Amino acid sequence: MTAIVDPVSSGRSQTSETLDEFVERARAFLEAHAARKPDTAAEFVWGEGDDFVGIVEEGDPTGEAHLVAAARDWAATRFDAGFSWLDGPIELGGHGLDPEFVRAYRSLESNYELPDQSIFTIGLGMVAPTILAHARPEISARYLRPIQRGDLIACQLFSEPGAGSDLAAVATTAERDGDSWIVNGQKVWTSNAHHAGLGEIICRTDRDAPKHAGMTAFLVDMTAPGVEVRPLRQMTGGAGFNEVFFTDVRIPDDHRLGDVGQGWGVAMTTLMNERASIGSGMGLGRGPGPFERLIALTRAMGRHDDPIVRDRLAQLYIQHKVLGYTGKRALGAMQAGRLPGPEMSILKLAGTIHLLEVADFAAAVLGPKLCADTGEWGTFAWTKLVCGAPGGRLGGGTDEILRNIIGERVLGLPREPKP
């Protein structure tokens, strides 16, 4: 028997419904608004169809805007139908449902071709949980619903030219001015800042305090006077990362996250959720999952009977399944009300290693066809994955930092000696 709950849907009340009834209602919604994915991966490979948001060809600025608009439309449609933020607080626009309803809907939705939602990953997976944990109630009420509906894209403003893995070395300052703070400084490697309307920023508010104690977190309006966003071109050809400059940007004190000087704890909430988001999926967007695409690639290249290729493919499949189960365990812990812990570092590190091995496998199967556009199916398109995968070793904490965290906080090994 499935549990009976009282879901709350946008714009209407609902009688209690079982999980089975919820699934049928969700399936009817998806059937009415989306097409089912094909049973075969033969018509889709990395880079064909919808690409990552942020990867557009030079001279085609409207392509990215189209993808973002499509993503927003679907997010709003899903939210208005009552299938977004299923486990969120009812008083803030969520539905207060158990985790099993979230898992059931995600499983259903994975069977349909939908606009790529990766533009919302940072807002939904990192910034929103931090707002829920640390913002004032009126600020949570103001921003969480539009973030969940896709009306508001959020970004994370942590890294600086002199403070990457060493987050406590941030130099961007926030100085108190009555009921506001004046922010000056520079952030870098900020994903989707060119689309964001809201940013979570870590600033130094006390130069004399110890590094970790002199930081404070805020929410900043990315359209405010004094905010300048400059895209950074990547070797994939895209410009999803940005450097952001702040010149006398005014932030109201009610947009402060947590207490003054407690920015390190706020940042840890965000980073643990970031590692969970990065480690739990590859953000492939439309089409089959990564393993199905690899199978299609080996068949297209005539390598599916090669025992060495098959052995490597089996290892990737095992990694993929273990990574998925680990992500579900971590998600279950968070949905049970526990804050993300060092296990998120394990998930993120394992996800990065897996992505790099997927890229290596694709490169080995393709050989020279990886970088030569022969016009054959499934060849040149994989270059974006191969070129983009190494960046995973940096985002959300470098591999070296994550190994230190795992060694010290999970395995209990002694800390590295200070120089």
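The values are calculated or read from the model by the stated rules, or taken from the named source; none is laboratory data. Nothing here was measured: the structure is a model prediction, and the numbers come from that model. So basically every Cβ, Gly included, is an ideal-geometry build from the backbone, and we count neighbours across all protein chains shown.
Scanning region 183-202 for residues that are in contact with a Leu (Cβ under 9 Å, 6 or more places away or on another chain) and assigned to a strand (DSSP E or B) yields Lys187, Leu198, Gly199, Glu200, Ile201, Ile202. Filtered by the rule that a residue be of a type in the set (Gly, Ala, Ser), modelled with pLDDT of 95 or more, on the phi < 0 side of the Ramachandran plot and surrounded by fewer than 24 Cβ atoms within 10 Å (Cβ to Cβ), region 181-200 gives a lone residue, Gly197. For region 331-346, give me each residue that is buried (at least 18 other Cβ atoms within 10 Å of the Cβ) and either more than 18 Å from the chain's Cα centre (by Cα) or modelled with pLDDT under 70 (or both). Answer for region 331-346, where residues must be buried (at least 18 other Cβ atoms within 10 Å of the Cβ) and either more than 18 Å from the chain's Cα centre (by Cα) or modelled with pLDDT under 70 (or both): Leu331, Met334, Pro340.
Determine, yes or no, whether Arg403 is loosely packed, with under 15 Cβ neighbours inside 10 Å, in the same structural domain as Ile295 (by TED's automatic domain parsing) and under 24 Å from Trp189 (Cα atoms). In short, yes.
For beta carbons closer than 7 Å, sequence separation of 6+ or different chains, a first residue in region 93-118 that is of a type in the set (Asp, Glu) and a second that is surrounded by fewer than 21 Cβ atoms within 10 Å (Cβ to Cβ) and part of a helix (DSSP H, G or I), the qualifying pairs are Glu100/Leu19; Glu109/Leu30.
Considering only residues in region 274-307 that are of a type in the set (S, T, N, Q) and in a helix (DSSP H, G or I), the one that is modelled with the lowest pLDDT turns out to be Ser277.
For region 80-104, taking the residues that are among the aliphatic types (A, V, I, L, M) and not in a helix (DSSP H, G or I), the one that is nearest to Met272 (Cα to Cα) is identified as Leu86.
Checked against the criterion of being aliphatic (A, V, I, L, M), in the same structural domain as Asp360 (by TED's automatic domain parsing) and under 22 Å from Thr269 (Cβ atoms), region 378-395 contains one or more residues that satisfy it. State whether the residues of region 124-142 include one that is in contact (Cβ under 8 Å) with a residue 24 or more places away in the chain, closer than 29 Å to Ala34 by Cβ and of a type in the set (Gly, Ala, Ser). Looking for residues that are in contact (Cβ under 8 Å) with a residue 24 or more places away in the chain, closer than 29 Å to Ala34 by Cβ and of a type in the set (Gly, Ala, Ser), one finds at least one in region 124-142, hence yes. On inspection, Thr383 does not qualify as of a type in the set (S, T, N, Q) and at pLDDT 85 or above. Checked against the criterion of being surrounded by fewer than 20 Cβ atoms within 10 Å (Cβ to Cβ) and modelled with pLDDT under 95, the candidates Val45, Val5 yield just one match: Val5. If a residue must be farther than 17 Å from Thr223 by Cβ, of a type outside the set (A, V, I, L, M, F, W, C) and in a helix (DSSP H, G or I), how many such residues does region 105-158 contain? Total satisfying the criteria: 16. The lone criterion from (1) under 23 Å from the mean Cα position of the chain (by Cα); (2) surrounded by fewer than 17 Cβ atoms within 10 Å (Cβ to Cβ) left unmet by Pro307 is number (1).
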